[in-house]
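The values are calculated or read from the model by the stated rules, or taken from the named source; none is laboratory data. Given the structure is predicted, the values throughout are model-derived calculations rather than measurements. Positions of Cβ are generated from backbone atoms using ideal geometry, with glycine treated the same way; all protein chains shown enter the neighbour counts. For the accessible areas, the whole protein counts, side chains as well, though only heavy atoms, and no ligand, DNA or RNA atoms are used. Shrake-Rupley method; radii C 1.70, N 1.55, O 1.52, S 1.80 Å.
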Amino acid sequence: MTTITKQAFTSFKFHFKNFVPYILWSVAISSCFFISYLPYENADHFKGLIISLTFSLFIPLTIYSLYFMAELLEQKGVLGVFTFKKEAVLVHCGLLMGILTALYAQSAILKFPFNWRSIPNTFLTGSFIGFGILFFYRWKNEAKESQELKEINDSLQRKTEQSFLKNIYSKVGEEHKTLKVENIHYFVSKDHYTYAVTDKGEYIVDSSLKDLAFHLDPSEFIQIHRSAIVSRQTIESVKSSPQWKVKTALGTELDISRSRKSQVKEFLTH
């Protein structure tokens, strides 16, 4: 499939998705039209169904045609911002054109003169139904958009508030040492203590692996086991023997728990 074809298909899906309210609108109008035929004993219900289908066909086609023209004018800067008020005017013009076309088809199918008097009632019915559908979808889309914006802003707020560890402190007896996180190969938990391992050795740190997992940069460190967090920079290879293990730059091999295999794979391949 060529790039142009893909773009055209994507554009069609986008337009169709956004055009669903107007299709529902025309189906609702045509359903009302068809139901109005049912009480008449001598009415030809098959012809009534055909006429209803013409309403379902012509109304969305005329609205879509006007929509397409308005979109082209907007892209060229002729129309300006496409507001809800302009949209309401445009779709009602399309509704009127669709009704006129469908009524002409109706007169041809039933073989009687065109009845102008039926236009106002049909248009008012369609307008009433249409405004209900339009406002419902507008409310639905605004609610969805508000939720999406809230999630985005909450995520941005968390990123702003969270500062990842740059240094970590080790204390053994009276000795204090500051370790740069970028120099740490991995953290392990053993004998009820947490150790930070660097080129120069192991240092006890006063933090649990759970706390470290939250405060370390997730793009640089990953917890591969409940007892180990490893730096991306130190991982040289991953092997299975039979349990998955990572080999670090220090030559150490650390187990990867089964539940974290997919996370480790994603971490190392992205």
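Numbers at a glance
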{"item": "Complete set of residues in the range 240-249 that are assigned to a strand (DSSP E or B), open to solvent by 50 Å² or more (accessible area, probe 1.4 Å) and among the hydrophobic types (A, V, I, L, M, F, W, C)", "result": "244"}
{"item": "Every residue from the range 212-239 that is open to solvent by 40 Å² or more (accessible area, probe 1.4 Å), within 21 Å of residue 178 (Cβ to Cβ) and more than 32 Å from the chain's Cα centre (by Cα)", "result": "233"}
{"item": "Matching residues in the range 168-200 - criterion: being in a strand (DSSP E or B), modelled with pLDDT of 85 or more and surrounded by fewer than 10 Cβ atoms within 10 Å (Cβ to Cβ)", "result": "178"}
{"item": "So residue 159, is it closer than 22 Å to residue 212 by Cα and at pLDDT below 75", "result": "yes"}
{"item": "Unmet criterion (only one of (1) at positive phi; (2) open to solvent by 80 Å² or more (accessible area, probe 1.4 Å)) for residue 270", "result": "(1)"}
{"item": "Given (1) modelled with pLDDT of 90 or more; (2) part of a helix (DSSP H, G or I); (3) not aromatic (Phe, Trp, Tyr), index of the condition residue 146 fails", "result": "(1)"}
{"item": "Test: residue in the range 257-266 that is open to solvent by 40 Å² or more (accessible area, probe 1.4 Å), assigned to a strand (DSSP E or B) and closer than 24 Å to residue 165 by Cβ", "result": "no"}
{"item": "Selection status of residue 95, surrounded by 12 or more Cβ atoms within 10 Å (Cβ to Cβ), at pLDDT 60 or above and either touching a helix residue (DSSP H, G or I) at 6+ places or on another chain (Cβ under 6 Å) or polar (S, T, N, Q) (or both)", "result": "yes"}
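Residues checked against (1) in contact with a Pro (Cβ under 6 Å, 6 or more places away or on another chain); (2) modelled with pLDDT of 75 or more; (3) within 19 Å of residue 87 (Cα to Cα); (4) in a helix (DSSP H, G or I):
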{"site": "115", "(1), (2), (3), (4)": "no, no, no, no"}
{"site": "120", "(1), (2), (3), (4)": "no, yes, no, yes"}
{"site": "133", "(1), (2), (3), (4)": "yes, no, yes, yes"}
{"site": "137", "(1), (2), (3), (4)": "yes, no, yes, yes"}
{"site": "141", "(1), (2), (3), (4)": "no, no, yes, yes"}
{"site": "151", "(1), (2), (3), (4)": "no, no, no, yes"}
